[in-house]
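Report on the structure given below.
The values are calculated or read from the model by the stated rules, or taken from the named source; none is laboratory data. Keep in mind that what you see is a predicted model, and the values were worked out from it rather than measured. Don't worry about glycine lacking a Cβ; one is built from the backbone with ideal geometry, like all the others, and counts go over all protein chains shown. Just the protein is used for accessible areas: all its heavy atoms, side chains included, with ligands, DNA and RNA removed. Shrake-Rupley method; radii C 1.70, N 1.55, O 1.52, S 1.80 Å.
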Amino acid sequence: MTGFGIGVGMNRSAIASRQSPIPRERVVMHVDMDAFFASVEQQTFPFLRGKPIGVCGDPDGRTVIAAASYEAKRRGVKTAMTIPEARKLCPEIILVSGHPAKYVDTSTRILALYATFTDLVEVFSIDEAFLDVTQTAHLFHGPEAVAHSIKDFIKEHFGLTCSIGIAPNKLLAKLSGEMHKPDGLTIVSQCEVAALMEDLLVQELCGIGPKTQEKLNRLGIKTCGELGRYPEKQLTGIFGINGSHLKRMGQGNDENPVLPYVHEPATKSMGHSFTLEKDTRDLDEIRRHLLQLSEQVGRRLRKDNFAGRTVSLVLRYADFSTFIKQHSLKNYIDDGLRIHQVGMKLFGELYQPPRLVRLLGISVSGLVRNLKQTTAFENSRAGSLFESLDSVNDKYGEFSVARARLQERTPAPRVISPSWRPGAPTPVTR
Amino acid sequence: MSTSGALQTSFWPVEDSSAGEVELEEAEVTHHRLSENVKVYAIYNETGDRKFPHDKLRPIMFIWRNREYRVQDVTYVWREIQGQAEVYHFAVSDGANVFELSYNAKALDWTITGTYSE
C-alpha cells in the first residue's frame, strides 16, 4: 500500500514538475469537509477553537447533533445523537445553533472551485463531492496536485480542512478518503485494490448498512475479500439483483459514473416535515403547522414550475410510532391551501385521539413540470394571484405575505435538506 | 433572558433597536442578538486575486453606540439571499469579542446583528 496516507506537506515542486499523461484507469476523487458545520463555527468564533462543540438546530429544542467538532468526536459524540446523549458523554460540550445560510454559501463556493478542475462534479451531500478528473488532472500536474490545490484553497479561503481520497472509482475514493481524517490525502491505485479489500470489514463500505451487514455476517461473510469470493448465485438468491452489486463491491468494483448534479434524475416529490416544539393534541395548532408546511411545499412547487396529484401525510406520535397516508387527486395542484385541505382530510383519517402528536410532514408527488397551460391544472384562476404573492415573497423574503392564519407561524427550522444542491454558481476565477 | 443553550443566531427577524436585544448566556458563550444600523469603515477592492465577491469588501473599523471598534480579524464571510437582496455577513473580531456585521448590497446599508463573547 505504498500510496496510502500521503502527507499533505509533500514536496509540491516535485509534484508540479512531474509529467502527467492522461491515465488509463479512471481517476475519481472524493472530497469530504472535516466536521464541516462544527469547523465553520470554530472558524467564525475563535474562542470555540480547540473545544468540544456540537452544532444543532436549537440547543434548547428537540434536535440532534448535526455535526460535532473533532474535540467532541474524541469524547464519543457522534452525528445524530440526541443532546442528552451528547451531554452524558461530554458534559462540557458547547452547543451551537447552526447557520444553514453560512454552510450553503461555503459549500456553493467550494463546488465552484471543484468545477475549475473538471465539469464532472457530483454533489454527494452539502459537505461531500465526487470529482472525476480522469480527463483533466494532467492539465493541473496530476491528481495529487489537484488535491493539494483544493486543500490549499479551502484552507486559505475558509480556514477549513478536508480529507481527500483518490481511487479508480467512487466506492474506493470514498473509502480511501475516510482512511485518514482529518486533513488526509489517500491514494489507492488499481493494483492495490485486492490487498486493500481482503481484510476490510464489509460495513466499512458506503452502501452496506447494519441490516445488510447482519445478513452477510449470517452467511459467514465478514470481510470484503469473503464477499468478493462468495458465489453470486447465492447472493442474488438472498439479496435479489443487489446480490451481484454486493459481490462487485466486495471486489472493489464500482462502475457508477460521477454524475454532475445538473444531470441528476428528475425530482419525484417535494415535501417538508416538522418536529413540534412540544407534543400536542391541540387541533388548532396542528392545523396551523400543517398549513405552514403546505404553503412551503406549494411555494417550492411553483418556484420550480411543478405541480403534483398525490398528497402524502406523515404523522408521528409521541411514542415515535409513525403513520403515512396518501390521497391522489384528479387534477394537478401547486396551491398550499389545497395541499393543506387534502392534508387535513388525511389527518382526520389517520389521527387517533387523544394521542399526542410529535411530528407532521406533508409532501406532493406524481409531479409534472410546466403544466400551467393545460386544462387539467386545478385552480388555474388563482394563478395570477399566486404569481403576485410569489413575486412579493421573492423580493422581500419568504412569508413576507402569507395567509393571516400564519401570522403566528413557527420560524423555519434551521435544517439543510439531504437533497440540497447548489443554485446559481458563485463566480470564481482562478 | 437566560437559557441553557449556547450560541444562538440572529437570522430571523428581531426587534429593531436595543430594546429588542436578547441576551443568551451560558458558561462559555454569551450572545447578544440585535439589529441596529452601524457605521462601518471598509475597504472595497476589485483588483488582485479576488475569487469571490465576498473577497472584495473588508470591514476595518465600525462605530457602534458611540464607541469605535477596530477590526483585528475577519473570521468568516458568507453571502445570503434575502428576497432580491444579497446580504454579506462578516464575523469580525476586535481581539476580545466577535461581532456580526451585515451588508445589504441592495439597500447599501450596514447592520450589526450580533455580538459574541466567552
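If the cut-off is 21 Å between C-alpha atoms, which lysines fall inside it for residue A:170, apart from same-chain ones fewer than 8 positions away?
By straight Cα distance, residue A:170 reaches A:151, A:181, A:247.
How do A:283, A:131 rank by accessible surface area computed with a 1.4 Å probe, from largest to smallest?
The ordering from most to least exposed comes out as A:283, A:131.
So what are the ³J(HN,Hα) numbers for the stretch A:41-57, from phi and the Karplus equation (6.51, -1.76, 1.60; θ = phi - 60°), rounded to whole Hz, Gly and Pro as x?
Result, ordered by residue: 5, 5, 6, 5, 10, x, 6, 8, 5, x, 10, x, 10, x, 9, 9, x Hz.
How large is ³J(HN,Hα) for each residue in the stretch B:53-67, as worked out from phi by the Karplus curve 6.51 cos²θ - 1.76 cosθ + 1.60 (θ = phi - 60°), to whole Hz, x for Gly and Pro?
Going residue by residue, I get x, 4, 7, 7, 10, 9, x, 10, 7, 9, 10, 9, 6, 6, 10 Hz, with x marking Gly and Pro.
Give me the summed buried accessible area for the A-B pair, 1.4 Å probe, to the nearest 100 Å².
What A and B bury together is about 3100 Å².
Output the pairs from A:303/A:330; A:174/B:56; A:303/A:395; A:73/B:56; A:155/B:39 with a Cα-Cα distance over 25 Å in this structure; if there are none, say none.
The answer is A:174/B:56; A:73/B:56; A:155/B:39.
Give the long-range amide H neighbours of residue A:161: residues separated by 5 or more places, or on another chain, with amide H under 5 Å away, using H modelled in the peptide plane at 1.01 Å from N.
Distant-sequence amide H within range of residue A:161: A:34.
So if R0 is 35 Å, what FRET efficiency would residue A:278 and residue A:51 give, r being the distance between their Cβ atoms, rounded to the nearest 0.05?
So, using R0 = 35 Å, E works out to roughly 0.70.
If the reach is capped at under 12 angstrom between alpha carbons, list the aspartates and glutamates near residue B:51, excluding any in the same chain fewer than eight residues apart.
Reachable aspartates and glutamates: A:156.
Stretched out fully, how many nm does the piece from residue A:369 to residue A:395 gain, at 0.36 nm a residue minus the Cα gap?
Working it through step by step, the gained length comes to 7.0 nm.
If you average the alpha carbon positions of the stretch A:287-355 and of the stretch B:52-69, how far apart do those two centres end up, in angstrom?
Each part's Cα centre sits 46 Å from the other's.
For residue B:68, what charge total do you get from the other residues with a beta carbon under 15 Å from its beta carbon, if Lys and Arg give +1 and Asp and Glu give -1?
+3
How far apart, in nanometres, would the label points at residue A:215 and residue B:39 be if each is projected 7 angstrom from Cα along the Cα-to-Cβ direction?
My value for the distance between the label points is 7.0 nm.
Label points 7 Å out from Cα along the Cβ direction at residue A:198 and residue A:287: separation in nm?
Going by the 7 Å Cα→Cβ label model, 6.9 nm.
Using modelled amide H (1.01 Å from N, peptide plane; none on Pro or chain starts), what sits under 5 Å from the amide H of residue B:82, excluding residues fewer than 5 places away?
B:87
Mind listing the long-range amide H neighbours of residue B:61? Cut-off is under 5 Å, sequence gap 5 or more, other chains count too, H placed in the peptide plane at 1.01 Å from N.
Answer set, sorted by chain and number: B:41, B:71.
Once the piece of chain linking residue A:206 and residue A:139 is laid out straight, how much longer is it, given 0.36 nm per residue of separation minus the C-alpha distance between them?
21.1 nm
Taking K and R as +1 and D and E as -1, what net charge do the other residues with C-beta under 11 Å from the C-beta of residue A:69 add up to?
Cβ neighbours under 11 Å give a net charge of +2.
Between residue A:233 and residue B:65, what FRET efficiency comes out of the Förster formula 1/(1 + (r/R0)^6) with R0 = 51 Å and r the beta carbon distance, rounded to 0.05?
For residue B:65 and residue A:233, the calculated efficiency is 0.10.
Which FRET efficiency value, to the nearest 0.05, do you get for residue A:92 and residue A:331 by plugging their Cβ-Cβ distance into 1/(1 + (r/R0)^6) with R0 = 41 Å?
Calculated transfer efficiency: 0.10.
Separation between the residue A:356 and residue B:55 pseudo-spin-labels, each 7 Å from Cα along Cα→Cβ, expressed in nm?
The two pseudo-label positions are separated by 5.3 nm.
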